[in-house]
1. Over the stretch 16-70, give the accessible area per residue in Å² for a 1.4 Å probe, as an integer.
2. Place a point 7 Å from Cα of Arg419 in the direction of its Cβ. Which residues in the stretch 309-338 have their backbone N less than 13 Å from it?
3. How much FRET efficiency would the formula 1/(1 + (r/R0)^6) give for Ser529 and Leu568, where r is the Cβ-Cβ distance and R0 is 22 Å, rounded to 0.05?
4. Report the Cα centroid-to-centroid distance between the stretch 132-168 and the stretch 90-112 in angstrom, as an integer.
5. If I model a spin label at Arg451 and Thr353 as a point 7 Å from the Cα along the Cα→Cβ vector, what separation in nanometres do I get?
6. Using the Cα centre as the reference, give the magnitude of the dipole from point charges on the C-beta atoms of the chain (Lys, Arg: +1; Asp, Glu: -1; all else neutral), rounded to the nearest 20 debye.
7. Lys/Arg Cβ at +1, Asp/Glu Cβ at -1, dipole of the stretch 181-270 taken about the Cα centre: which of Gln210, Ile230, Asn240 is farthest positive-ward?
8. About the Cα centre of the stretch 1-99, what is the dipole size in debye to 20, counting +1 per Lys and Arg Cβ and -1 per Asp and Glu Cβ, all else neutral?
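The values are calculated or read from the model by the stated rules, or taken from the named source; none is laboratory data. Please read all numbers here as calculations on a predicted model, not as lab measurements. All Cβ positions, even for glycine, are placed from backbone atoms using ideal geometry, and neighbour counts span all protein chains on display. Heavy atoms of the whole protein, side chains included, go into the accessibility calculation; ligands, DNA and RNA do not. Shrake-Rupley method; radii C 1.70, N 1.55, O 1.52, S 1.80 Å.
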Amino acid sequence: MPDSSELLALCKRRGFIWPSFEVYGGVAGMFDYGPLGCTLKNNIINVWRSIYKGEEKFVEIDSETISPRDVFKASGHIDGFSDLITYCQKCHTPFRADHLVEKFCKNPDKLSPGELEGLFAEHNVKCPECDGDLGQISEFNLMFKTSIGPGSIREGYLRPETAQGIFVNYLNLYRYNREKLPFGVIQIGKSYRNEIAPRQGMMRMREFNQMEAELFIDPEDKNWSKFKEIENEKLNLIPNTTLELTTITVGEAVERGVIANQVLAYFVYVTKRFLTTIGIDSDKLRFREHEKDEMAHYATDCWDAEVLLSYGWIEIVGIADRGCWDLSRHAKFSGQDMTYFRKYNSPKEVDITRIKAKNRAIGLKFKERAKDVMTEIESLKPENIKNGRITVSVGNETIELNEEFFEVILTKEKVTGDRIIPHVIEPSHGLDRILYSTLEHAYERDNEENRTILHFMPTVAPIKVGVFPLMEKDGLDKVAYKIYSDICSSGIEAYYDSSGTIGKRYARMDEIGTPWCITVDYETIEDKSNKETVTIRDRDTKEQKRIEIKSIKEILGRLLNNAKFASL
């Protein structure tokens with residue numbers, strides 16, 4: 001496994017990842033993607049999108065990154081999205097309090113301020129920078145606060161996750177889907193968290209990329225039509241009941257109650273398939289269930305996809321059954337109806353308790369306004385009665401009425417369905433962590449040959465093929481450049497290099513993960529059979545073959561569709 005600093009140095013040198021604002025000394029927890037990193041990121045996104053949008057038929061939206069305060073009050077981020085902070089009393093450096101006691105206890109992020117302060121005292125914890133005393137522990141909200149419009153009239157926040165943009169658009173999405181369930185929505189974009197002390201490179205960033213999917217389903221139907229297709233596939237699971245790694249099939253996981261339902265289990269497997277497709281080592285991938293005291297209060301079940309990196313086991317995807325929490329909260333705070341209509345197979349006769357207006361009394365009292373008052377009364381529900389009185393609004397007037405003007409009646413009615421708040425299954429992917437994991441799992445250092453290789457899957461490799469002239473003369477360069485141009489025109493990422501020896505050019509391509517290299521040599525232009533052949537080399541086996549120029553695009557297409565190099 002590579003040293004993280006060694007890999008990040010390669011990423012910086014070759015144009016994958018650069019520290020942000022480096023000319024000004026840099027900012028912790030912020031990184032820029034260079035040319036190769038940007039292409040690698042987009043290739044990963046394309047694979048993810050091909051699964052969720054292509055195979056699973058989710059729709060895609062792109063919502064605002066700044067939201068008004070009301071959105072995050074409803075979601076709980078205003079009141080509960082905090083870490084505990086302490087400051088050195090001497091040098092005034094801020095620290096995340098739980099990070100300072102990690103070696104003294106398990107799961108310090110679950111401790112209260114009082115418990116952390118107790119550990120500070122018990123273990124004489126001091127400032128890691130200057131050995132000064134630490135101050136009082138307090139909560140620090142991780143959202144970036146801003147104002148919407150001039151004069152700070154409306155408070156806003158940069159979003160800490162992309163999910164809320166989907167939830168607040170539920171009504172639009174529900175109508176778009178012809179008012180039917182289930183339906184899935186994806187969103188890819190930036191999120192922001194004002195981390196106290198970001199560390200471990202790209203594992204904790206202040207500005208990061210997410211790929212989130214939200215599947216809206218009937219709470220009474222969590223079976224999945226495609227479940228049979230994958231029920232015999234295997235997963236490496238750590239259930240919270242045993243905390244031990246077990247390998248079982250997807251079907252067994254649901255049957256034994258290890259994973260709560262078919263839909264959640266299906267998307268746990270989809271997550272595994274996506275990650276292994278882009279190059280995550282399946283032997284270094286597991287799914288860990290949130291422990292009871294770690295599980296969000298609204299979640300029925302939640303699993304983290306964790307990968308083994310130089311930092312240890314790191315979460316890169318969370319797959320959760322969020323229940324109806326999100327839509328219920330936004331319905332409550334916005335006053336909007338965020339249900340869906342579940343139609344019965346046949347109409348049912350049910351008892352309905354409703355408020356009925358006493359027409360005569362209202363007519364005598366309100367005269368020409370009587371119709372409006374009656375309409376308002378009969379729009380209310382019995383739970384709106386408080387101490388025998390109800391309140392209605394007519395025009396600009398609020399009117400309080402006693403039982404002289406209304407009554408509660410029981411009627412039998414035929415109904416064709418009921419209104420239900422959907423539940424949500426959410427696979428949430430941390431794109432930056434996934435990208436870094438792909439780099440680590442692709443990395444190999446061959447000390448014997450003094451070369452570094454990134455064994456990217458061809459699908460995500462930033463450059464698919466390098467094109468070289470053996471020498472930059474005698475027309476070899478012109479032939480090579482035309483091949484390079486033709487490959488680029490076909491939509492395949494290619495790189496032209498005529499500098500240095502062929503060995504050094506191969507080494508450069510190996511180091512950035514290019515799967516194949518094509519070399520134009522003297523045999524290409526001197527071949528008497530007019531076949532015009534070139535050499536193609538495989539990165540992983542170093543095997544070389546002669547192929548015809550006219551077949552290059554067809555051969556690359558086959559290789560990108562998983563054909564074996566040896567079969568060419």
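1. 53
2. In the stretch 309-338, the label zone of Arg419 (backbone N under 13 Å from the point 7 Å along Cα→Cβ) covers 331-332, 335-338.
3. FRET efficiency, Ser529 to Leu568: 0.75.
4. Result: 22 Å between the Cα centres.
5. Distance between label points: 7.9 nm.
6. Roughly 1580 debye for the chain.
7. Value: Gln210.
8. 220
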